[in-house]
Amino acid sequence: MSSNLLKGKRGIVFGALNDMSIAWKVAERVVEEGATITLSNTPLAVRMGTTNELAEKLNAKLIPADATNVEDLKQVFTESMDVLGGKIDFVLHSIGMSPNVRKKRAYDDLDYEMLNTTFDISAISFHKMLQVAKKMDAINEWGSVIALTYMAAQRTVVAYNDMADAKALLESIARSFGYIYGREHNVRINTISQSPTVTTAGSGVKGIDSLLDFSERMSPLGNATASDCADYCVAMFSDLTRKVTMQNLFHDGGFSSMAMSYRAMQQYNKSFDEFKDENGNIIYG
Ligand SMILES: NC(=O)c1ccc[n+]([C@@H]2O[C@H](COP(=O)([O-])OP(=O)(O)OC[C@H]3O[C@@H](n4cnc5c(N)ncnc54)[C@H](O)[C@@H]3O)[C@@H](O)[C@H]2O)c1
């Protein structure tokens, strides 16, 4: 259902690969709310993925670009302002990739070339995007920029590997750039820390099924889906959140504030059943 929250706004959505992508859902929702947008993804993703279908459906120009390449990013902003007819009001950075995760390198056996690539694609691309936009003065006053992140930036999650470090850097860039861009142009920059979500990138995380199940049960509101995330992005791109900036916003059904739930406690206790003495007391070891 549309409330026309983004009527007349122009946006760029980076990172829609297929209909499971969080960026895909965001693109559909922002258009439903009255925005006009362009889409961008790597030339390879444009060839191999289904982003073209989305572009056609939303009547959005698809601009191939490697987000680690400054010249490509300049092109995205130039073309976007050209086809949309003015400066940009919102940008979604929904980009992540770790060659170490892909190649199953353990965190204590990282390949450092690959680590550089992880950082460049998953975090520094955000800085490049912001620096390009600011130098071109491509974002309108009170514009809103969001990057998607994950709680492993704050708390260790098994197998999230070097992506945890990339997300910590991404969130720091949002704060550091948010200060400068806010002070000079009233542009706000935030990260949304999303629940584990079934997508192509999400499936790369070892044990994603157990992770999804655990956080679903642990969160009082359950996991936030990609569609829920799209709704939250609409709110963050709208004028209703004009004074929110430099924040890492948890969007996870409450998971990040939980330490122990009733059910987890029961489950935990069960695991000690075989370690009880004759009086039923747990033998800790
Ligand atoms: N899926 C989850 O569980 C989850 C949870 C929290 C945060 N996130 C974050 O959400 C974002 C979107 O991921 P997703 O889960 O929708 O998966 P996805 O695989 O659909 O999206 C990742 C996108 O990054 C793009 N990309 C990779 N390298 C690029 C480059 N050099 N230049 C431009 N684009 C590039 C891919 O083509 C793809 O479209 C990522 O930042 C991810 O870390 C995902």
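The values are calculated or read from the model by the stated rules, or taken from the named source; none is laboratory data. Computed from a predicted structure; not experimentally measured. Don't worry about glycine lacking a Cβ; one is built from the backbone with ideal geometry, like all the others, and counts go over all protein chains shown.
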Can you name the condition, by its number, that residue 150 falls short on among (1) more than 8 Å from the ligand (Cβ to nearest atom); (2) closer than 23 Å to residue 241 by Cβ? (1)
What are the pairs with Cβ atoms under 6 angstrom where one residue, in region 186-198, is touching a residue at least 40 places away in the same chain (Cβ under 8 Å) and among the hydrophobic types (A, V, I, L, M, F, W, C) and the other, located anywhere, is within 15 Å of the ligand (Cβ to nearest atom) and part of a strand (DSSP E or B)? Sequence gap at least six, or different chains. 189/145; 192/146; 192/148; 192/249; 192/251
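Before we move on, is residue 158 more than 11 Å from the ligand (Cβ to nearest atom), surrounded by 21 or more Cβ atoms within 10 Å (Cβ to Cβ), of a type in the set (A, V, I, L, M, F, W, C) and outside any helix (DSSP H, G or I)? Show your work before the answer.
On the way: more than 11 Å from the ligand (Cβ to nearest atom): yes; surrounded by 21 or more Cβ atoms within 10 Å (Cβ to Cβ): no; of a type in the set (A, V, I, L, M, F, W, C): yes; outside any helix (DSSP H, G or I): yes.
Considered against the rule, which asks whether it is more than 11 Å from the ligand (Cβ to nearest atom), surrounded by 21 or more Cβ atoms within 10 Å (Cβ to Cβ), of a type in the set (A, V, I, L, M, F, W, C) and outside any helix (DSSP H, G or I), residue 158 comes out as no.
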If you go through 89, 108, 19, the only one that is surrounded by fewer than 18 Cβ atoms within 10 Å (Cβ to Cβ), closer than 24 Å to residue 4 by Cα and not hydrophobic (A, V, I, L, M, F, W, C) is 19
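Please pick out the residue among 245, 199 that is within 21 Å of residue 126 (Cα to Cα), surrounded by 13 or more Cβ atoms within 10 Å (Cβ to Cβ) and touching a Lys or Arg at 6+ places or on another chain (Cβ under 6 Å). Even if it seems obvious, please write down each step before you answer.
Values: 199 fails: touching a Lys or Arg at 6+ places or on another chain (Cβ under 6 Å).
The match here is 245.
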Between residues in region 140-160 that are under 17 Å from residue 189 (Cα atoms) and residues that are more than 10 Å from the ligand (Cβ to nearest atom) and at pLDDT below 95, which pairs lie under 8 Å by C-beta distance while being six or more apart or on different chains? 150/157
Say we look at region 28-45 and pick out the residues that are without any contact (Cβ under 8 Å) to a residue 60 or more places away in the chain and of a type in the set (Gly, Ala, Ser); which of these is nearest to the ligand (Cβ to nearest atom)? 45
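Scan region 158-167 and tell me whether some residue there is among the aliphatic types (A, V, I, L, M) and under 24 Å from residue 235 (Cβ atoms). Full working, then the answer.
Keep residues of region 158-167 that are among the aliphatic types (A, V, I, L, M), which gives 158-159, 163-164, 166.
Okay, now just the ones that are also under 24 Å from residue 235 (Cβ atoms), so none.
Within region 158-167, none of the residues are among the aliphatic types (A, V, I, L, M) and under 24 Å from residue 235 (Cβ atoms).
May I ask you to verify whether residue 76 is within 11 Å of the ligand (Cβ to nearest atom), touching a Phe, Trp or Tyr at 6+ places or on another chain (Cβ under 9 Å) and β-branched (Val, Ile, Thr)?
On the way: within 11 Å of the ligand (Cβ to nearest atom): yes; touching a Phe, Trp or Tyr at 6+ places or on another chain (Cβ under 9 Å): yes; β-branched (Val, Ile, Thr): yes.
Yes: the conditions hold for residue 76.
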All positions within region 174-191 that are surrounded by fewer than 23 Cβ atoms within 10 Å (Cβ to Cβ) and of a type in the set (Val, Ile, Thr): 180
Is it the case that some residue within region 162-181 is touching a Ser or Thr at 6+ places or on another chain (Cβ under 6 Å), closer than 19 Å to residue 242 by Cα, touching a residue at least 12 places away in the same chain (Cβ under 8 Å) and not acidic (Asp, Glu)? yes
